[in-house]
1. Output the qualifying pairs, or none if there are none: Cβ atoms under 8 angstrom, residues six or more apart or on different chains, first residue in segment 49-62 and closer than 15 Å to Gly27 by Cα, second residue modelled with pLDDT of 95 or more and of a type in the set (D, E, K, R).
2. Is it the case that some residue within segment 159-180 is modelled with pLDDT of 95 or more, touching a Lys or Arg at 6+ places or on another chain (Cβ under 8 Å) and part of a helix (DSSP H, G or I)?
3. Against the definition (hydrophobic (A, V, I, L, M, F, W, C) and closer than 17 Å to Asn100 by Cα), how does Leu45 come out, yes or no?
4. When you go through (1) part of a loop (DSSP other than H, G, I, E, B); (2) modelled with pLDDT under 90; (3) surrounded by fewer than 16 Cβ atoms within 10 Å (Cβ to Cβ) one by one for Ala289, which number turns out not to apply?
5. Which pairs do you get when a residue that is over 20 Å from Gly144 (Cβ atoms), found in segment 2-19, comes within reach of a residue that is surrounded by 12 or more Cβ atoms within 10 Å (Cβ to Cβ) and basic (Lys, Arg), reach meaning Cβ atoms under 9 angstrom, with the pair 6+ apart or on two chains?
6. Is it true that some residue in segment 157-169 is farther than 21 Å from Arg122 by Cβ and in contact (Cβ under 8 Å) with a residue 12 or more places away in the chain?
7. Is it fair to say Leu36 is without any contact (Cβ under 8 Å) to a residue 60 or more places away in the chain, among the hydrophobic types (A, V, I, L, M, F, W, C) and in contact with a strand residue (DSSP E or B) (Cβ under 6 Å, 6 or more places away or on another chain)?
8. Does Asn185 satisfy the condition of being under 18 Å from the mean Cα position of the chain (by Cα) and either of a type outside the set (Lys, Arg) or surrounded by fewer than 24 Cβ atoms within 10 Å (Cβ to Cβ) (or both)?
Amino acid sequence: MSTHYRSIFRPDLFAGQTFVVTGGGSGIGRCTAHELASLGAHTVLIGRKLEKLERVMAEILDDGSQASCHSLDIRDETNVRDTVAAVLEARGAVAGLVNNAGGQYPAPLEAINQKGFETVVRTNLVGGFLMARELFTQHFKKAGGAVVNIVADMWKGMPGMGHSGAARAGMINFTKTAAVEWAQNGVRVNAVAPGWIASSGLETYPEMVRAMIPKLAQGVPLKRLGSEAEVSATICFLLSPAASFITGETLSVDGGAPLMPHHWPMPDHDRSRSYAGFHRDTLPTELAALAKPEQGQD
C-alpha cells in the first residue's frame, strides 16, 4: 500500500485553504477529506459520530497533513449555525464546502411512513441546505467560496429508495438556484452524482441488498463499479480554479449507467479500470475488486 494519497492534482493545489467536509467519517467523505488534505488543505470533518471523525482525523495527521473535526447533526439548525461559527473562529476563513453527509434505507414507497420519509429528506436535503446557507451568510457572502453537493444517480427515479431520490432531486434544484443567487458574491455551487461506487456505504445495507452488489456492474456500460477516489477527484476538480467557470452543474460519476440501452448489445468486457488513488482504502477485497483497479494500484 502506498503511504501517500496518489492524487492527480499538484500537491500544493489547496495549500493554506480550509475545506469543510460533512459525512467525513467514512466512505466518499473520508476519501475526499484525505485527498484535500494531501493537496495542502486543512480539512474540517463534520459528522454525527465523533469517534469516526477522530479516527479519520488521526489518519490525516499521521500522513503529515492537517485536519480537525466537529460532531454535528446537520439537521439541527441551531447547532449548524453554532458549529459554522466555531469553525470560522478557529480557522479564520473557509474556501469550500463538500456537502457529503447523507443516509437512507431501502424500502418501497408503500412501506415508508411519514417519519421515515421526512428523516431521509431532512438528512439529504435540509441538512445540506443548512450547511450551505450558514457558510454563505456567515462567510461566503463576503469572501466567496465553492460548494459541492453530493447527490446520487436518480435520473430514472429511485425505485426502492424513493425518499432519497426525492431529496437528491431537490438538492440538484437547490444547487441551480444557489448558483444563480450567490454568483454575485463570488460563490460557485455544483453537485456530483455518484452511481454505484465501491464504498463502505454499500456495506451498511441489509444482506438481501448486499447480495445484489456483485450484479450491479452488469447494468453499467463500463462493466464495473466506481471507486471512492474517482468521486473525490471530481469533487476536488469542482473546488479547484480549473472549474472557475462552472456553476449550477451536476457531474455524474456513474460509468454511464443511466445510458445502459435495452436495444444495443452490451457484452461483458474488462477494458475499464478504476483510478484507485486512496492509499488508506479499507474496503473488503471482494468489494474493492468490483471496481477493477488498475494493475499495481492499491
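The values are calculated or read from the model by the stated rules, or taken from the named source; none is laboratory data. Nothing here was measured: the structure is a model prediction, and the numbers come from that model. Virtual Cβ from ideal backbone geometry, glycine too; neighbours counted across all protein chains shown.
1. From residues that are closer than 15 Å to Gly27 by Cα, the pairs are Val56/Arg30.
2. Yes, segment 159-180 contains a residue that is modelled with pLDDT of 95 or more, touching a Lys or Arg at 6+ places or on another chain (Cβ under 8 Å) and part of a helix (DSSP H, G or I).
3. Here the answer is yes, as Leu45 does meet what is asked.
4. Every listed condition holds for Ala289 apart from (1).
5. Note: pairs meeting the criteria are Tyr5/Arg280.
6. yes
7. Here the answer is no, as Leu36 does not meet what is asked.
8. no
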